[in-house]
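The values are calculated or read from the model by the stated rules, or taken from the named source; none is laboratory data. Source: prediction; values computed, not measured. Cβ coordinates were reconstructed from backbone atoms using ideal geometry, including for glycine residues, and neighbour counts include every protein chain displayed. Just the protein is used for accessible areas: all its heavy atoms, side chains included, with ligands, DNA and RNA removed. Shrake-Rupley method; radii C 1.70, N 1.55, O 1.52, S 1.80 Å.
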Amino acid sequence: MEATKKIELQETARAIRWGALRAISNVGSGHVGGSLSVADALAVLYFHQMRIRPEEPLWAERDRLVLSKGHAGPALYAAMARRGYFPEDWLDTLNAPGTKLPGHGDMRLLPGIDMSTGSLGQGISCAVGMALAARLTGSDSRIYTIVGDGECQEGQVWEALMYAAHSKLTNLTVLVDYNRMQISGQVADVCDPAPFAEKFSAFGFAVIEVDGHDPAEISDAIDAAKANTERPTAIILHTKKGKGVSFIEKKMAANHSMRIDSGDLRMAKKELR
Amino acid sequence: MADQEMRQVFARLLEQAMEEDLRIITIDADLAKANATFSLREKFPGRALDVGIAEQNMASIAAGMTSYGFRPWIGTFCCFVSRMADQILLSVGYAGRNVKIVGTDPGITAEINGGTHMGVADVSMMRGIPEMTIYEATDAVQLQMAMPQILAYEGPMYIRLARRQVPTVWDASMKFDLWKAQILRPGKDVTIVANGIMVAEALEAAELLAAQGIEAEVIDVHTVKPLDTETVCASIRKTGAVVTCENANILGGLYSAVCEAAAQYSPARILPIGIRDRFGEVGRLPYLKETMGMTAQHIVQAALQAKEIKN
Ligand SMILES: Cc1ncc(C[n+]2csc(CCOP(=O)(O)OP(=O)(O)O)c2C)c(N)n1
């Protein structure tokens, strides 16, 4: 990736973080940590890799994204707004009565959300279904899904992986947000799904481990996934929960769902704007 | 106690139970912080487990642990209780295991977590499981009285709990019987049957009706299964007009239970207040009650209508 492109995507990721935080601060609290950790992946997907038409969100030949860790909705909305799916001021309606933007994305409210999610473990199976359907219809569109590392404790995730590899779904790319935290603390202390790379490859996936905050590395991995004609690819994103705002990062697992008041927002602004 | 969150009260009661009975263990699925059971881990090393985000695994693990005499309490949000449907049906229910299943954030109390997190199907699903007892705490005072009886009962039970503060309607001088519906306010004109957060709403409706000269009988059906048919049907026979109020899908829950009983023993016109076979949405409680037609005013309207139909 060219240096200028990388800088541009880094800037986009910062804007996504800012948009997510601003939206959350409007409601007062929300899923901060897991929103901030996926911002770079969303920047690469929406602003560089995915074949999409924001002005025609239901375009049949679009690439799909299923945010299986649905609680990162605020980051998804911030990315979509910036990409032109809807006006940026809609972000201020996050979780407001009658909103199109509930904390967990809802495909019946907002065109462009490819699947409603919020109960962990289900989205990845929906993505497998999309990948099967794309192949069945002869579509060359690609399917992306983002799962949490804690989410991988759900058995359904492994059922999905098994069937995806078994079905040789080369059009499917699974991104794991390996931020090492869940609500109760460190994923490794609760019930460790690691080592991801070994497990995913034993299940039949091609696995690429990247710095999940480096757009160039993420994008290269997606290029490699596209080039793989044998197996579906899993990209392990090594990330930090709360990435991009130091006082939020420092809270560790406590940043999963936290309050953001106007003072917090001002502090965050120094690093994000 | 009225100023305490339900989850705090619950966690304290569970802690006390774990102190007194070494067979009691708890299992969470990454929601111990949300349900206030996190502190049990320090107090009872090895007896307060967390299987990670794996509800189905949790249910069947609990069933397995009963094999060595343990009495597991498992917990998650009500919405994810439906996720364990088959595990609760077979590993717990069919196998007849003494597992207590705690669901929190019932129905619209999930508020800002939104539609994906609003348990609307958990009660109907649980009612469909043979031998399952279903208790929904009305307030903290009642929960405290219920706990010893829940502990004494050796069988599968679903316990539905609000997480935050709820209005107190019970007082400690009242007698609580897990298997008996409680008449909280006697009346002769219309029966209002309610559970969970809807009990307070029903009592408020009864006040409003009283102002119009209508005497409503308010019954707290904290245990929707098995239903206390005797108390409910006796009231229905007396009033002939009924409204049920629940914070769950009206299909398969309290409304269904009362209709089923009345159809056999005391036919009457029965109108439902609750989640009317629709999904939840994001919002705060006052907004959601209004949108779903679950306020005291809505109950009053339904009560008047029920009386109208009867006459
Ligand atoms: C089936 C299910 N169980 C529980 C929850 C509640 N919940 C929301 S987020 C979360 C933790 C997720 O951890 P992880 O997947 O690691 O996401 P991240 O740390 O990136 O936010 C839990 C348990 C849920 N949404 N779905």
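Does residue B:270 count as away from every other protein chain (no Cβ under 14 Å) and within 20 Å of the chain's Cα centre (by Cα)?
Spelling it out, it is not the case that residue B:270 is away from every other protein chain (no Cβ under 14 Å) and within 20 Å of the chain's Cα centre (by Cα).
What residue, of A:214, A:189, is away from the ligand (no atom under 12 Å from the Cβ), acidic (Asp, Glu), touching a residue at least 60 places away in the same chain (Cβ under 8 Å) and open to solvent by 20 Å² or more (accessible area, probe 1.4 Å)?
A:214
If I filter the range B:74-95 down to residues being open to solvent by less than 10 Å² (accessible area, probe 1.4 Å) and away from every other protein chain (no Cβ under 14 Å), which single residue comes out as nearest to residue B:130 (Cα to Cα)?
So the residue we want is B:93.
Hey, any hits in the range B:42-50 for a residue that's touching a Pro at 6+ places or on another chain (Cβ under 9 Å) and either more than 22 Å from residue B:23 (Cβ to Cβ) or open to solvent by less than 30 Å² (accessible area, probe 1.4 Å) (or both)?
No, the conditions are met nowhere in the range B:42-50.
Does residue B:140 satisfy the condition of being more than 30 Å from residue B:95 (Cα to Cα), assigned by TED's automatic domain parsing to the domain that holds residue B:289 and open to solvent by less than 20 Å² (accessible area, probe 1.4 Å)?
It is false that residue B:140 is more than 30 Å from residue B:95 (Cα to Cα), assigned by TED's automatic domain parsing to the domain that holds residue B:289 and open to solvent by less than 20 Å² (accessible area, probe 1.4 Å).
Return the only residue of B:231, B:223, B:244 being surrounded by fewer than 20 Cβ atoms within 10 Å (Cβ to Cβ), away from chain A (no Cβ under 14 Å) and touching a residue at least 12 places away in the same chain (Cβ under 8 Å).
Testing whether each residue is surrounded by fewer than 20 Cβ atoms within 10 Å (Cβ to Cβ), away from chain A (no Cβ under 14 Å) and touching a residue at least 12 places away in the same chain (Cβ under 8 Å) leaves just B:231.
Quickly run through the range A:28-44 and pick out the residues that are more than 16 Å from the ligand (Cβ to nearest atom) and in a helix (DSSP H, G or I).
Within the range A:28-44, A:43, A:44 qualify.
Can you name the number of the only condition in (1) over 22 Å from residue B:115 (Cα atoms); (2) part of a helix (DSSP H, G or I); (3) within 14 Å of the ligand (Cβ to nearest atom) that residue A:123 fails?
Of the numbered conditions (1) over 22 Å from residue B:115 (Cα atoms); (2) part of a helix (DSSP H, G or I); (3) within 14 Å of the ligand (Cβ to nearest atom), the odd one out for residue A:123 is (1).
Somewhere in the range B:128-143, is a residue on the phi > 0 side of the Ramachandran plot, over 12 Å from the mean Cα position of the chain (by Cα) and more than 14 Å from every other protein chain (Cβ to nearest Cβ)?
Yes, the conditions are met somewhere in the range B:128-143.
Count, please, the residues in the range A:156-178 that happen to be open to solvent by 10 Å² or more (accessible area, probe 1.4 Å) and within 11 Å of the ligand (Cβ to nearest atom).
2
Restricting attention to the range A:232-273, report how many residues are in contact with a Gly (Cβ under 6 Å, 6 or more places away or on another chain) and part of a helix (DSSP H, G or I).
4
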